[in-house]
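One structure is given here, and the rest of the page talks about it.
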Amino acid sequence: MPKIISGTEISKVMREEIVSRVSELSRKGITPGLGVILAGDNPASHIYVRMKEKACEAVGIYTAIQRFSADVSQKTVVDLVNKYNNDEKIHGILIQHPLPDGIDESYVFGQVDPVKDVDGFHPVNEGKLLIGEEGFVSCTPLGILEMLHRSGYSPEGKHVVIVGRSTIVGKPLAALLMQKNKRANATVTVCHSRTADLRAITRTADILVAAIGVPEFITADMVKAGVVVIDVGTNRVEDSTTEKGYRLVGDVKFDEVKEIAEAISPVPGGVGPMTITMLLHNTTLSAEKTAEKLQN
Ligand SMILES: NC(=O)c1ccc[n+]([C@@H]2O[C@H](COP(=O)([O-])OP(=O)(O)OC[C@H]3O[C@@H](n4cnc5c(N)ncnc54)[C@H](OP(=O)(O)O)[C@@H]3O)[C@@H](O)[C@H]2O)c1
């Protein structure tokens, strides 16, 4: 049986660590605060925001959540971003993606003060990641790195193949794994829908990350024996035997691939909980930086 890289278990440990960090901050008179903007009626976005709110509450992070209907103007959203930028109680800002049609999402993300950009989507933070400077890194790639480390699979010197080149997962993860430091130092290959002979490449991976958005796309014949697999995919597939009428599956055919992998992350219970945990981590980190500035 392979080792199961459980994001749920790693998150539990990390969230306990965050509780201690939040208590330490409270001794200095600071409560980490997250300002959230949710616009529109995308049901998944509402669920994600509720999950993030609950997670913040559980570790002692204060949240200010503003919900807008889908016809909110871009100016109203930007005004709120500026209000959060100038609010001392807010250390991190989360704008739930996607924003409604008619709002220029990249413009709005660009209005967040980079020092409060706990989602790591501001171009300044994306640029810093690329050149190896300290800044906020987006939560999903950061969570994947943490999962590898905490389960004993350092990417250093390994060939990591990432399938998927999105701005929120594939690209920042590649930049993170390429960093010249002990936590990274990987040799990285990034694949996408135009990659020729994908299977030949995925079969050379020591560590394979699937961020494709196609249910059970990675099959056993696409990996080598002993591979470590991180499955980012979160896909709903119809299932009339469940109460909700669907179930969640990853981008990896788990039952098949687990037979030959050294280690594998499940869906659900893998990358998903880690993404939220890293949001808590980044918000706490931002508050710690504020505390440090106040001390100096
Ligand atoms: N658990 C979490 O916290 C979390 C966070 C983020 C995303 N996700 C999940 O991760 C998955 C990917 O998300 P995303 O936002 O990165 O998706 P995305 O923006 O749609 O990107 C998908 C990537 O997969 C590539 N791709 C699609 N079909 C392919 C194929 N047949 N062969 C090779 N590559 C293929 C695409 O290639 P092209 O660039 O050529 O189109 C693209 O680069 C989704 O299931 C999403 O729900 C989970």
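The values are calculated or read from the model by the stated rules, or taken from the named source; none is laboratory data. Remember, predicted model here, so these are calculated numbers, not experimental data. No Cβ is skipped: glycine too gets one built from the backbone with ideal geometry, and neighbour counts run over all protein chains shown. The protein model used for the area step is the full one, side chains on, heavy atoms only, and it has no ligands, DNA or RNA in it. Shrake-Rupley method; radii C 1.70, N 1.55, O 1.52, S 1.80 Å.
Going residue by residue through the stretch 153-166, is there one that turns out to be assigned to a loop (DSSP other than H, G, I, E, B), open to solvent by 20 Å² or more (accessible area, probe 1.4 Å) and within 9 Å of the ligand (Cβ to nearest atom)? Quick ask: steps written out before the conclusion?
Taking the stretch 153-166 first, the residues assigned to a loop (DSSP other than H, G, I, E, B) are 153-158, 164-166.
Then drop every residue that is not open to solvent by 20 Å² or more (accessible area, probe 1.4 Å), which leaves 153-154, 156-158, 165-166.
Then keep just the ones that are within 9 Å of the ligand (Cβ to nearest atom); that gives 165-166.
Yes, the conditions are met somewhere in the stretch 153-166.
If the Cβ limit is 7 Å and pairs must be 6+ apart or interchain, which residue in the stretch 268-292 that is in a loop (DSSP other than H, G, I, E, B) pairs with which residue that is within 9 Å of the ligand (Cβ to nearest atom) and open to solvent by less than 20 Å² (accessible area, probe 1.4 Å)?
G269/G7; G270/G7; G270/D231
Within the bounds of the stretch 199-207, is there any residue that is open to solvent by 70 Å² or more (accessible area, probe 1.4 Å), touching a helix residue (DSSP H, G or I) at 6+ places or on another chain (Cβ under 6 Å) and modelled with pLDDT of 95 or more?
Checking the stretch 199-207: at least one residue is open to solvent by 70 Å² or more (accessible area, probe 1.4 Å), touching a helix residue (DSSP H, G or I) at 6+ places or on another chain (Cβ under 6 Å) and modelled with pLDDT of 95 or more.
Suppose we filter the stretch 223-267 for residues that are charged (D, E, K, R), within 16 Å of the ligand (Cβ to nearest atom) and in a loop (DSSP other than H, G, I, E, B); how many remain?
Residues meeting the conditions: 2.
For V188, are the conditions met, namely being open to solvent by 10 Å² or more (accessible area, probe 1.4 Å), within 16 Å of the ligand (Cβ to nearest atom), over 18 Å from the mean Cα position of the chain (by Cα) and of a type in the set (A, V, I, L, M)? So that I can check it myself, show each step before the final result.
Numbers: open to solvent by 10 Å² or more (accessible area, probe 1.4 Å): yes; within 16 Å of the ligand (Cβ to nearest atom): yes; over 18 Å from the mean Cα position of the chain (by Cα): yes; of a type in the set (A, V, I, L, M): yes.
Considered against the rule, which asks whether it is open to solvent by 10 Å² or more (accessible area, probe 1.4 Å), within 16 Å of the ligand (Cβ to nearest atom), over 18 Å from the mean Cα position of the chain (by Cα) and of a type in the set (A, V, I, L, M), V188 comes out as yes.
Can you pull out every residue in the stretch 1-45 that is in a strand (DSSP E or B), over 18 Å from the mean Cα position of the chain (by Cα) and buried (at least 21 other Cβ atoms within 10 Å of the Cβ)?
Initial filter on the stretch 1-45 (in a strand (DSSP E or B)): 3-4, 33-39.
Next, from what is left, pick out any that are over 18 Å from the mean Cα position of the chain (by Cα): 3-4, 33, 39.
Selection gives G33, A39.
Within the stretch 126-159, can you find the residues that are of a type in the set (K, R) and either within 23 Å of G272 (Cβ to Cβ) or not assigned by TED's automatic domain parsing to the domain that holds V190 (or both)? Break it down stepwise before answering.
Just the residues of the stretch 126-159 that are of a type in the set (K, R), to begin with: 128, 150, 158.
K128, R150, listed by residue number.
Under 9 Å between Cβ atoms, which residue pairs at least 6 apart in sequence (or on different chains) link something in the stretch 206-218 that is within 23 Å of A186 (Cβ to Cβ) with a partner that is within 11 Å of the ligand (Cβ to nearest atom) and among the aromatic types (F, W, Y)?
A210/F217
Looking at the stretch 171-192, I want the residues that are under 13 Å from E126 (Cα atoms) and have a partner that is outside any helix (DSSP H, G or I) and of a type in the set (D, E, K, R) with Cβ atoms under 6 Å, at least 6 apart or on another chain. Which pairs are those?
K171/R165
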